[in-house]
Amino acid sequence: MSVQTMLLIILIGLAAGLLSGLVGVGGGIIIVPALVFFLGFTQHEAQGTSLGILLLPAGIFAVMNYYKKGFIDLKVVLILFVGFVIGGYLGSKFSLNMSEATVKKIFAVVLVLIAGKMLLMDK
């Protein structure tokens, strides 16, 4: 894995953690599309990797299914985890210093941007 790829994975983890702490979104909204669009993961690989970071132990059986089919890259899961923990901490700090109305607006903008990208996808 190249240094550039590792840095991109850390940035995805940071963004997901930040937004998770800020407005309660992360896995399906941030990590899955980012892995597909920026790292060329298949949808299944991205979903499996997202589950690997976010749902253990609650989603252990889903993770096991994706892992058995070869759709989880454990290196990526661990690197995303580091960024996610740091970003989650920072995002929660930011969010707690903002009004609820501001946080709701940020959440809405994030959803609209992701929805627009998904609607206009080439694949």
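The values are calculated or read from the model by the stated rules, or taken from the named source; none is laboratory data. Quantities reported herein were computed from a predicted structural model and do not represent experimental measurements. FYI the Cβ positions are ideal-geometry reconstructions off the backbone, even for glycines, and counts take in every protein chain you see.
Among the candidates V76, V82, V32, the residue that is surrounded by fewer than 22 Cβ atoms within 10 Å (Cβ to Cβ) and β-branched (V, I, T) is uniquely V82. Within the range 113-122, not a single residue is out of contact with any Cys (no Cβ under 6 Å at 6 or more places or on another chain), part of a helix (DSSP H, G or I), closer than 25 Å to V3 by Cα and among the basic types (K, R).
Filter the range 75-104 down to the residues that are out of contact with any helix residue (DSSP H, G or I) (no Cβ under 7 Å at 6 or more places or on another chain) and not hydroxyl-bearing (S, T, Y) and list them by number.
Going through the range 75-104, the residues out of contact with any helix residue (DSSP H, G or I) (no Cβ under 7 Å at 6 or more places or on another chain) turn out to be 75, 78, 93, 96-102, 104.
Residues satisfying the conditions are K75, L78, K93, L96, N97, M98, E100, A101, K104.
The residues of the range 1-26 that are closer than 15 Å to V103 by Cβ, assigned to a loop (DSSP other than H, G, I, E, B) and hydrophobic (A, V, I, L, M, F, W, C) amount to a single one, V25.
Which ones in the range 1-29 are of a type in the set (V, I, T), over 17 Å from L74 (Cβ atoms) and free of Cβ contacts under 8 Å to residues at least 60 places away in the same chain? Hit for the range 1-29 is V3, nothing else. Of all residues in the range 36-79, those satisfying the criterion of being over 25 Å from D122 (Cβ atoms) and within 13 Å of the chain's Cα centre (by Cα) are L51, G52, I53, L54, L55, V77, L78, I79.
Note on the range 35-101: enclosed helices (runs of 4 or more DSSP H) holding 1 or more residues that are without any contact (Cβ under 8 Å) to a residue 60 or more places away in the chain and under 18 Å from G17 (Cα atoms) are 43-54, 74-96. Restrict the check to the range 47-64 and report whether at least one residue is surrounded by 14 or more Cβ atoms within 10 Å (Cβ to Cβ), under 19 Å from M118 (Cβ atoms), in contact with an Asp or Glu (Cβ under 9 Å, 6 or more places away or on another chain) and modelled with pLDDT of 90 or more. No, every residue in the range 47-64 fails to be surrounded by 14 or more Cβ atoms within 10 Å (Cβ to Cβ), under 19 Å from M118 (Cβ atoms), in contact with an Asp or Glu (Cβ under 9 Å, 6 or more places away or on another chain) and modelled with pLDDT of 90 or more. Count of the range 11-29 residues, restricted to those that are farther than 15 Å from F107 by Cβ and modelled with pLDDT of 85 or more, is 4.
The set of residues in the range 58-74 being more than 22 Å from T5 (Cβ to Cβ) and among the charged types (D, E, K, R) consists of K68, K69.
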